[in-house]
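The values are calculated or read from the model by the stated rules, or taken from the named source; none is laboratory data. This structure is a prediction, so every number in the text was calculated from the model and none was measured. Every residue, glycine among them, receives a Cβ derived from its backbone with ideal geometry; neighbour counts consider all protein chains shown. The area values use the complete protein model at the heavy-atom level, side chains included, leaving out ligands, DNA and RNA. Shrake-Rupley method; radii C 1.70, N 1.55, O 1.52, S 1.80 Å.
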Amino acid sequence: NEKQASLMGTTQKSMSCALALKAIEAGPTMIYCSMKDGFRGCIKHAEEVLSLLGKKVFKRPISFVKDTDWLSKVIEYCAYQLGDEYRLTQCIKEGFAYHHGQMPQDIRELIEVSIAKKSIQLIVCTKTLSEGINMPIKTVVLANITNPVDGTFKNTLELRDLRNIVGRVGRAGKESYGLVLVP
């Protein structure tokens with residue numbers, strides 16, 4: 001709608017996050033980022049989602065959660081392990097999370113189980129989550145597909161990596177179809 005469009009901003013990050021917040025109305029959604037840190041990273045995208053939710057023009061991911069009892073336990077565990085004010089804890093309180101390879105293993109696994117239980121409806125992640133894990137994801141938003149290895153961000157991911165990421169949505173036995181959005 002017009003109010004959402006006027007508040008989302010014009011950056012790639014803002015558009016990607018706004019698209020994902022709209023997409024969760026159709027089912028669980030993933031925002032793919034090619035790196036953890038930096039302006040293009042999954043953590044900054046999670047902060048942007050929190051910012052957009054603070055403007056109160058998008059439906060909160062928590063309103064789509066299927067298993068609220070489980071999510072309550074996840075919130076409690078993350079608050080105990082990381083602190084109540086920690087960014088990931090704040091995200092999970094809203095019904096979404098971020099995931100990258102440098103997170104503690106127990107937290108990563110908890111997030112993965114939460115996605116499978118549909119207690120987390122939006123996940124912002126790097127390829128550590130998008131490789132080989134079958135999840136009930138309906139839509140993926142490709143926030144960026146650059147290869148951060150050389151530091152220039154001019155090279156895109158290898159085609160096999162991109163296929164693998166796109167292959168996470170609409171998985172047989174999980175969803176009947178998937179949608180890939182590129183802002």
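Would you pick out the residues in the stretch 74-93 that are of a type in the set (Phe, Trp, Tyr) and either surrounded by fewer than 14 Cβ atoms within 10 Å (Cβ to Cβ) or modelled with pLDDT under 95 (or both)? Walk me through it before giving the result.
Of the residues in the stretch 74-93, the ones of a type in the set (Phe, Trp, Tyr) are 77, 80, 86.
Once the filter is applied, which keeps residues that are of a type in the set (Phe, Trp, Tyr) and either surrounded by fewer than 14 Cβ atoms within 10 Å (Cβ to Cβ) or modelled with pLDDT under 95 (or both), the stretch 74-93 yields Tyr80, Tyr86.
Checking the stretch 94-101 against the condition returns no match, with no residue being modelled with pLDDT of 90 or more, more than 27 Å from Tyr177 (Cα to Cα) and open to solvent by 20 Å² or more (accessible area, probe 1.4 Å).
Taken over the stretch 86-117, the criterion of being among the hydroxyl-bearing types (Ser, Thr, Tyr), out of contact with any Cys (no Cβ under 6 Å at 6 or more places or on another chain) and assigned to a strand (DSSP E or B) is satisfied by no residue. Condition check for Leu71 on (1) more than 14 Å from the chain's Cα centre (by Cα); (2) at negative phi; (3) open to solvent by 50 Å² or more (accessible area, probe 1.4 Å); (4) modelled with pLDDT of 85 or more: one failure, at (3). Please tell me if Ile120 is among the β-branched types (Val, Ile, Thr), touching a residue at least 40 places away in the same chain (Cβ under 8 Å), part of a loop (DSSP other than H, G, I, E, B) and surrounded by 15 or more Cβ atoms within 10 Å (Cβ to Cβ). In short, yes.
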